[in-house]
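The values are calculated or read from the model by the stated rules, or taken from the named source; none is laboratory data. Quick caveat: nothing in here was measured; it's all calculated off a predicted structure. Counting neighbours? That spans all protein chains shown, and the Cβs are built from the backbone with ideal geometry, glycine included.
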Amino acid sequence: MNLRTLLRTSSALWVAPLALGLILFYYVAVGQENAFRQDYGWAPTLVSAPLEVAYAFAYGVTAALGAWESGRLRRAAVWELAPARSRYLVAAQVLLPVVGLGWLMLCLPVTLALARAGVVPTPVSLGPLVLGLVLCGAHAVVGFAVGLRVPAVVAAPVLAVLVWLVVATSRATDVPWRRYTLGQYGVTLEFGETATVGSLVAQALPTVALALAVAALWLPLRQLLSVAMALTVLVAGVGVAHAMTRDWTTDPLRIDAAPMTCAGQAPRVCMPEATVGDIEAVRTEVVGALDALVAVGIAEPPETVTDSLTDGRRGVASTEETWRLGLTSGERQGTVRYRMVTEAVDFPCYLPEPRAERSVLLWASERTGVAETFWAFLDRDPYVDDAQRELLREIVDGVLAEPDETQLRWYHEATRAACEASA
């Protein structure tokens, strides 16, 4: 059967308009909003965000149509004649359009997002898409096997709903084997993040193992041997996936994956190639802030100042040698110097008492020439009223009237007191 005839006679042809229309609707309603929350043109974001909704639909459609196609073969007694031809070849031939439709359902929203952003996907960004492409084939095989045993008119709609429901709800549970092994990579990757190979393999293993187990039953072997092989493959796949994910609380992510460009030495200033504007101007701001901080006596210059944008959602702590702060947003907002000051102020705890913290930050801002930026940020704080602002100004003005040594001693005492008050 040639390709044209195969496509014309396949159930995938008449389901395609509805399936692709549904995917397009959900991309417009949900997927593109997630894809463009950040405007940095990060290919992994543009690939992963539209797929979150598309996975379950694509898997449900391929499983249902796989069952429908095998039902047609069974009714026409073609499958019983399969010993004269390879059963794998027979199945592959009728499943080709089905899997192709599933691939289109996944590739359509990804292509739209990449085209809108004018971004070419990188190999590492395509991991979540490759996961979906592989599992479309696996679901088609599983559906095909069900259709050989259950009437297609029953198997197709039941599989469509069941597969969609199982996959779509997998992210709503705290059970690791469901969240991380059912084929829905439900993470919209942020700038600098990429999916790890392990997280993708864990998502694929159980379904692929089930498909391989089903395929093993079609081998021209004794039934007992075929069943033993199928069970071995299935248990191994599910067992490995469970062992990989049982201790996971979140999806493993690789961070700092964005290409960086750097300028200067001591300190070296680094920003992502995709977001950098005038890195020399940014470095000038960084150096100016460092000079002021060193002169005041509250910081030692680091070797590197790098953009924390690539740290992903979980963040990475700064060290004495490397400061990590929002250089991209600082450059866009004109707040690089102020961000350097807030990074330099060293509280010995994670959450200092807010009022004490504000007084320390205002003093440091006044001493380094960025007080205007401090007040601009404070004006946007709905929990700080005029009386609190006036009291804050009085406290800091009193400190600024003291000699430098006294001010520095107050700074160290105030940072400790802010943490003691918080505790």
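Evaluation of residue 289 against the conditions (1) surrounded by 14 or more Cβ atoms within 10 Å (Cβ to Cβ); (2) in contact (Cβ under 8 Å) with a residue 60 or more places away in the chain; (3) farther than 21 Å from residue 375 by Cα; (4) not charged (D, E, K, R) shows that the sole unmet condition is (3). Every test in (1) farther than 30 Å from residue 185 by Cβ; (2) loosely packed, with under 14 Cβ neighbours inside 10 Å is passed by residue 249 save one, and that test is (1).
Can you tell me which residue within region 195-220, out of those that are touching a helix residue (DSSP H, G or I) at 6+ places or on another chain (Cβ under 8 Å) and in a loop (DSSP other than H, G, I, E, B), is surrounded by the fewest Cβ atoms within 10 Å (Cβ to Cβ)? Write out each step before concluding.
If we filter region 195-220 for residues that are touching a helix residue (DSSP H, G or I) at 6+ places or on another chain (Cβ under 8 Å), which is where we start, we get 195, 197-198, 200-220.
Then drop every residue that is not in a loop (DSSP other than H, G, I, E, B), which leaves 217-220.
Numbers: 217: 15, 218: 20, 219: 13, 220: 9.
Looking at residues that are touching a helix residue (DSSP H, G or I) at 6+ places or on another chain (Cβ under 8 Å) and in a loop (DSSP other than H, G, I, E, B), I get 220.
In region 33-41 there is at least one residue that is surrounded by 15 or more Cβ atoms within 10 Å (Cβ to Cβ), on the phi > 0 side of the Ramachandran plot and not acidic (Asp, Glu). Can you find a residue that is at pLDDT 85 or above, of a type in the set (S, T, N, Q) and more than 29 Å from residue 33 (Cβ to Cβ) anywhere in region 81-94? The answer is yes, given that some residue of region 81-94 is at pLDDT 85 or above, of a type in the set (S, T, N, Q) and more than 29 Å from residue 33 (Cβ to Cβ).
Please determine, by comparing only the residues of region 279-317 that are in a helix (DSSP H, G or I) and polar (S, T, N, Q), which one is farthest from residue 252 (Cα to Cα). Quick ask: steps written out before the conclusion?
First, pick out the residues of region 279-317 that are in a helix (DSSP H, G or I): 279-296, 308-311.
Pick out the ones that are also polar (S, T, N, Q) and you get 284, 308, 310.
Details: 284: 36, 308: 19, 310: 15 Å.
Only one residue tops the list, namely 284.
When the residues of region 302-351 are narrowed to those that are buried (at least 19 other Cβ atoms within 10 Å of the Cβ) and small (Gly, Ala, Ser), which ends up farthest from residue 283 (Cα to Cα)? Ranking the qualifying residues of region 302-351, first place goes to 312.
Taking region 161-178 as the range and being of a type in the set (Gly, Ala, Ser) and farther than 22 Å from residue 143 by Cα as the test, only 172 passes. Before we move on, is residue 306 in contact (Cβ under 8 Å) with a residue 40 or more places away in the chain and more than 30 Å from residue 179 (Cα to Cα)? Taking the combined requirement at face value, the residue satisfies it.
Hey, does region 375-395 have a residue that's in contact with a Lys or Arg (Cβ under 9 Å, 6 or more places away or on another chain) and closer than 25 Å to residue 303 by Cβ? Checked region 375-395: no residue is in contact with a Lys or Arg (Cβ under 9 Å, 6 or more places away or on another chain) and closer than 25 Å to residue 303 by Cβ. Among residues of region 331-387 being more than 23 Å from residue 413 (Cβ to Cβ) and hydroxyl-bearing (Ser, Thr, Tyr), the one that is modelled with the lowest pLDDT is 383.
The set of residues in region 166-182 that are under 18 Å from residue 247 (Cα atoms) and not acidic (Asp, Glu) comprises 170, 171, 172, 173, 175, 176, 177, 178, 179, 180, 181, 182.
For the condition over 15 Å from the mean Cα position of the chain (by Cα), on the phi < 0 side of the Ramachandran plot and assigned to a helix (DSSP H, G or I), what is the one hit in 49, 29?
Working: 49 fails: over 15 Å from the mean Cα position of the chain (by Cα).
The conditions single out 29.
Yes or no, residue by residue, for (1) closer than 30 Å to residue 270 by Cβ; (2) assigned by TED's automatic domain parsing to the domain that holds residue 265; (3) out of contact with any Phe, Trp or Tyr (no Cβ under 6 Å at 6 or more places or on another chain):
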position	(1), (2), (3)
325	yes, yes, yes
362	yes, no, no
368	yes, no, yes
376	yes, no, yes
396	no, no, no
411	yes, no, yes
414	no, no, yes
422	no, no, yes
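Of the residues examined, residue 280 is one that is among the charged types (D, E, K, R), surrounded by fewer than 19 Cβ atoms within 10 Å (Cβ to Cβ) and out of contact with any Ser or Thr (no Cβ under 7 Å at 6 or more places or on another chain).
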